[in-house]
Amino acid sequence: MDHGKKRLMDKNQESLFVRLIPFFERYGILLLILIMIAVLHLLQPDVFLSWRNVTNIFKQVSWQSMLALGVFMVIVTAGIDLSVGSIIMLSLMGLAIASKAGMPWYVVMLVAPAIGFLCGMFNGIGITLLRMPHPFIMTLGTLYIFRGIGNLISGGVPITGFAEQIRVIGNGKIKLDVIFGEGAREYIPTSLILMIVIFFIFWIFLNHTRIGKWIYAIGGNPGAARAAGINVDRILIVVYTLCGFLAGIGGLILAGRTNSAYPNAGLQSELDAIAAVIIGGASFFGGRGTVLGVFAGVMIMGILRNGLNLMNVSVFWQQVLIGSIIILAVYIDVLRRQLATRT
Amino acid sequence: MSDNLVLEAKSVSKFFGTITALQNVDLHLNKGEVLGVVGDNGAGKSTLMKVLSGLYKPSEGSLFFDKEKVTLNSPRDSQNLGLEMVYQDLALAGNLPIGDNIFLGREPTRKVGPFNFLDHKKRKKLTEEHLAKLKINVKSADQKVEELSGGQRQAVAIARATAFNAKIVLMDEPTAALAVKEVGKVLDLILNLKKLGVSVIVISHRMDDIFTVCDRVMALFQGTNFAESELKNTSRDEVIGWIMGKKD
């Protein structure tokens, strides 16, 4: 039998359900977002899709999405980074101190990403060179260390008031007078543009460079990566360093948004980041997941919180709901793996 | 001995502390020849393969590639000389497509300004050409390895080993983990390599494998050369006897 014919027959023998799986695997999450938007629009027709509310959602998720993107890369290697919430706080504090010390704004702006970079590199070196049994342990340790250092250098009190150039990143508005006429109130948040640009860069990095491919290979089978001559430790250090760097960018965005560095900044946001990554379809076992999925996961968390707030649902119920969604998302992942390995 | 000699090991010994894994072992391999290596567990087959691939340094003796004496410091060295090893645990990343696995670590790229980006089209084309050359049938080069059967995975592992014009391929129990119906396909693949002029060393416990693909068979016993014969001059019973250390 010729090859093409055989393939056609195999296809026909598969049930409709099985054939729909790849479609849902790829686009199911976007479908979920559309459903959420439709439902919330029906429930809150005047508010939810208003320009003000939508931009508000984007401003809120912009710094959280940086953490999620970094944690995503780490999870692809079958690792975990619990310290990103503390890195964001430490880089925010470093930025605030640099600002208070009177450094020029362009130096202050570099401080947060630089601190994040170094924190991430510290994680990566600890995990590889110190041969820690699991990244969980190293980054659990640095979760405490980084926040502790942040409080030590700031004295545990908030520091407020940054230069306008810093504030623009998290709080800036690109006016749309051209489209909506002079003096219109519609605008695009600067942080949304920054988020899209960074997600695009990392999409290129993960899908179109050799290191990106190796990150997925390490998550799939570190032994295979080593046998292929890939320096697994070096790639892991790169991944954790980039994760810290992105958390530092998150700190920069947060500085602009809140105009303040405070001791509780980013508290538990590492858990939100992990949740967004898992909801976005990445596998906790490594090697699986997409940048678009992370974006979707972040948006689902953001839309859900926003929608529940608009409807005055208590924070306690929000916690219950988000927790349930994580478990559901992972259960779907389990089912997907079962189907993927069917023979 | 023939002029087509591609690989030779002369009185190779390997000691691990007080343990002697190999003692004065000789091996030679000709171009396009399939050599079967048999022996009981602990006879030294895997150690010999690891010496040939550069993973272990021999304690004594020397190796010759194309009749030139070489010293291998790592598997990279043997790869550069055209020798590839197919690992028993396959060393494939299940989450990646076939093509990505074949070219893992050696991906074709194209330059855009100062950056090197993956050349997806070229990889796909090279993969399809290579699979076609080896007559490996899969749905598509983009299929993930975890979706493949054991035999197909073995085929991908062999394709990976031969993607860069390997002259010599070492295979450690290539059919051990396979369903019966898939063994034949892998054996066909080995015969295909032979036709393409590749020399193959196969370690196997299965007499069916040895007697289907090999030109010559050699037996190790307790770390030494025990017996060797052209396949046509021996029989299954005799080879089984060698494995157990019996010679007429």
Determine if region B:111-126 includes at least one residue that is within 21 Å of the chain's Cα centre (by Cα) and either more than 21 Å from A:GLY220 (Cα to Cα) or surrounded by fewer than 20 Cβ atoms within 10 Å (Cβ to Cβ) (or both).
-> no
Exactly one condition in (1) more than 14 Å from every other protein chain (Cβ to nearest Cβ); (2) touching a Leu at 6+ places or on another chain (Cβ under 8 Å) is not met by A:PRO158; state its number.
-> (2)
Looking at region A:274-295, which of its residues are assigned to a helix (DSSP H, G or I) and among the aromatic types (Phe, Trp, Tyr)?
-> A:PHE295
State which residue is surrounded by the fewest Cβ atoms within 10 Å (Cβ to Cβ) when the search covers only region B:159-190 and only residues that are within 14 Å of chain A (Cβ to nearest Cβ) and outside any loop (DSSP other than H, G, I, E, B).
-> B:LYS181
Return the pairs, sorted by first residue and then second, in which the second residue is in a strand (DSSP E or B) and hydroxyl-bearing (Ser, Thr, Tyr), the first residue lies in region B:93-117 and is without any contact (Cβ under 8 Å) to a residue 12 or more places away in the chain and within 8 Å of chain A (Cβ to nearest Cβ), the beta carbons are less than 6 Å apart, and the residues are 6+ apart or on different chains.
-> B:ASN116/B:THR109
Does A:GLY281 satisfy the criteria of being buried (at least 22 other Cβ atoms within 10 Å of the Cβ), within 14 Å of chain B (Cβ to nearest Cβ), out of contact with any strand residue (DSSP E or B) (no Cβ under 6 Å at 6 or more places or on another chain) and at pLDDT 90 or above?
-> no
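Can you tell me which of A:GLY85, A:GLY79, A:GLY28, A:GLY4 is surrounded by 12 or more Cβ atoms within 10 Å (Cβ to Cβ) and either modelled with pLDDT under 95 or among the basic types (Lys, Arg) (or both)?
Only one candidate passes the filter, namely A:GLY28.
Rundown of residues vs (1) under 13 Å from B:GLY223 (Cβ atoms); (2) surrounded by 18 or more Cβ atoms within 10 Å (Cβ to Cβ), yes/no style:
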| position | (1), (2) |
| --- | --- |
| B:GLU33 | no, yes |
| B:GLY39 | yes, yes |
| B:LEU52 | no, yes |
| B:SER59 | yes, no |
Take the residues in region B:130-158 that are surrounded by 22 or more Cβ atoms within 10 Å (Cβ to Cβ) and touching a strand residue (DSSP E or B) at 6+ places or on another chain (Cβ under 6 Å), then tell me which one is nearest to the other protein chains (Cβ to nearest Cβ).
-> B:ALA157
By residue number, the members of region B:118-129 that are among the hydrophobic types (A, V, I, L, M, F, W, C) and either more than 8 Å from chain A (Cβ to nearest Cβ) or farther than 15 Å from A:ASN207 by Cα (or both) are B:LEU126
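Would you call A:ILE174 in contact with a helix residue (DSSP H, G or I) (Cβ under 9 Å, 6 or more places away or on another chain) and either touching a residue at least 24 places away in the same chain (Cβ under 8 Å) or loosely packed, with under 14 Cβ neighbours inside 10 Å (or both)?
yes
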Among the candidates B:GLU238, B:GLU230, B:GLU182, which residue alone is under 26 Å from B:ALA166 (Cα atoms) and more than 19 Å from the chain's Cα centre (by Cα)?
-> B:GLU230
Top-ranked residue in region A:190-227 [being surrounded by fewer than 22 Cβ atoms within 10 Å (Cβ to Cβ) and either among the acidic types (Asp, Glu) or farther than 22 Å from B:PHE115 by Cβ (or both); ranked as farthest from the chain's Cα centre (by Cα)] | A:ALA227
When you scan region A:242-273, how many residues do you find that are buried (at least 24 other Cβ atoms within 10 Å of the Cβ), aliphatic (A, V, I, L, M) and in a helix (DSSP H, G or I)?
-> 8
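Yes or no, residue by residue, for (1) at pLDDT 95 or above; (2) hydroxyl-bearing (Ser, Thr, Tyr):
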| position | (1), (2) |
| --- | --- |
| A:VAL168 | no, no |
| A:ASP177 | no, no |
| A:TYR187 | no, yes |
| A:TRP203 | yes, no |
| A:TRP214 | yes, no |
Mind checking which residues of region A:294-324 are within 20 Å of A:ASP81 (Cα to Cα) and either free of Cβ contacts under 8 Å to residues at least 24 places away in the same chain or within 14 Å of chain B (Cβ to nearest Cβ) (or both)?
-> A:GLY323
Name the helices (runs of 4 or more DSSP H) wholly within region A:184-228 that hold at least 1 residues that are within 14 Å of another protein chain (Cβ to nearest Cβ) and closer than 24 Å to A:GLY170 by Cα?
-> A:190-208
Check on A:VAL298, modelled with pLDDT under 85 and in a helix (DSSP H, G or I) = no
Can you name the condition, by its number, that A:LEU95 falls short on among (1) closer than 23 Å to A:ILE153 by Cα; (2) crowded, with 24+ Cβ neighbours inside 10 Å; (3) within 16 Å of the chain's Cα centre (by Cα)?
-> (3)
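The values are calculated or read from the model by the stated rules, or taken from the named source; none is laboratory data. Every value quoted in this text rests on a predicted model; they were computed, and no experiment measured them. Cβ atoms come from the backbone with ideal geometry, glycine included; neighbour counts cover every protein chain shown.
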